[in-house]
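Everything on this sheet refers to the single structure shown next.
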Amino acid sequence: MCNQFQLPSLAEIKKYLVNDLNLPLVEPASNLPQNQNIFPKGLAPVLVYADNQLQLLPKSWGYPSPYDQNKVIFNARIERFFEEKRSMWDSSFAKSRCIIVASQFFESGHNTYSAANGHTYHERFSFKNKNSTLTLIAGIYQKDHFSMVTTQPNKTYAEIHNRMPLVLQAAELRQWLFQNFSSLVDRSQLSLDSVRLPPKK
């Protein structure tokens, strides 16, 4: 599962959302986190529609786990919303959807290798939307927490992992935030750039 993404600078996010996509974004606070790798429990600005405004608000990656107060649940399967059995995600999928803006995100592969220090590591890959300056990822939120939404992998991603983040095209942004999102579940036609990262030393 994806447990790391790279956050762009605030200037890059604003340029992409306001200049490139022509979105009516409220001027974000200058002290928002930027230019860093985000891991579960890390703080990142996510795009939400709140108080009748489109804005970037800082939230912590991961919902508090109902089973262990020291852990968070940072990936949410989109299929859970369509199942009859209730889940902790239902209200967020219905009313509190957001968008994670990333330069790229990372995934561990199936293969492992041994480093010079004697430790064994999984190979790692970086991904980004092939057809966009920045990568938009579907998210949901609850109060001060957000979770990344995952779906079935496309052909490229399936070679590395059995789940993938639900990456959105720019034209799908409004649909995810405001409309019925059933048609967004299938990402089989999505093109991603994938790079195998060099092994740790």
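The values are calculated or read from the model by the stated rules, or taken from the named source; none is laboratory data. Quick caveat: nothing in here was measured; it's all calculated off a predicted structure. So basically every Cβ, Gly included, is an ideal-geometry build from the backbone, and we count neighbours across all protein chains shown. Surface areas here come from the heavy atoms of the whole protein model, side chains and all, with no ligands, DNA or RNA. Shrake-Rupley method; radii C 1.70, N 1.55, O 1.52, S 1.80 Å.
Summary table below
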item	result
In the stretch 163-184, the residues that are in a loop (DSSP other than H, G, I, E, B), under 21 Å from Tyr49 (Cα atoms) and in contact (Cβ under 8 Å) with a residue 12 or more places away in the chain	Leu166, Gln169, Phe181
Residue check, Ala50 within 21 Å of Leu134 (Cα to Cα) and among the aliphatic types (A, V, I, L, M)	no
Residue count for the stretch 1-20, restricted to those that are part of a loop (DSSP other than H, G, I, E, B) and either in contact with a Cys (Cβ under 9 Å, 6 or more places away or on another chain) or open to solvent by 40 Å² or more (accessible area, probe 1.4 Å) (or both)	2
Hits in the stretch 56-93 - residues which are polar (S, T, N, Q) and over 17 Å from the mean Cα position of the chain (by Cα)	Ser65, Gln69, Asn70, Ser87, Ser91
The stretch 21-38, residues that are of a type outside the set (Val, Ile, Thr) and assigned to a strand (DSSP E or B)	Leu25, Gln36, Asn37
Candidates Ser126, Ser91, Ser147, filtered to the one that is over 27 Å from Ser30 (Cα atoms), among the polar types (S, T, N, Q) and assigned to a strand (DSSP E or B)	Ser126
Residue list for the stretch 117-134, filter: among the β-branched types (Val, Ile, Thr) and farther than 24 Å from Ile13 by Cβ	Thr120
Every residue from the stretch 133-157 that is touching a strand residue (DSSP E or B) at 6+ places or on another chain (Cβ under 9 Å) and open to solvent by 20 Å² or more (accessible area, probe 1.4 Å)	Tyr141, Gln142, Lys143, Asp144, His145, Gln152, Pro153, Thr156
Extreme residue, least open to solvent (accessible area, probe 1.4 Å), among residues of the stretch 158-189 that are within 25 Å of Ser108 (Cβ to Cβ) and over 15 Å from the mean Cα position of the chain (by Cα)	Ile160
Per-region count, the stretch 35-72, residues touching a residue at least 24 places away in the same chain (Cβ under 8 Å) and open to solvent by 90 Å² or more (accessible area, probe 1.4 Å)	4
Evaluation of Val195 against (1) open to solvent by 10 Å² or more (accessible area, probe 1.4 Å); (2) at pLDDT 90 or above; (3) of a type in the set (A, V, I, L, M); (4) not in a strand (DSSP E or B) (one fails), failing number	(4)
Residues of the stretch 104-123 classified as closer than 30 Å to Ala171 by Cβ and open to solvent by 30 Å² or more (accessible area, probe 1.4 Å), total	1
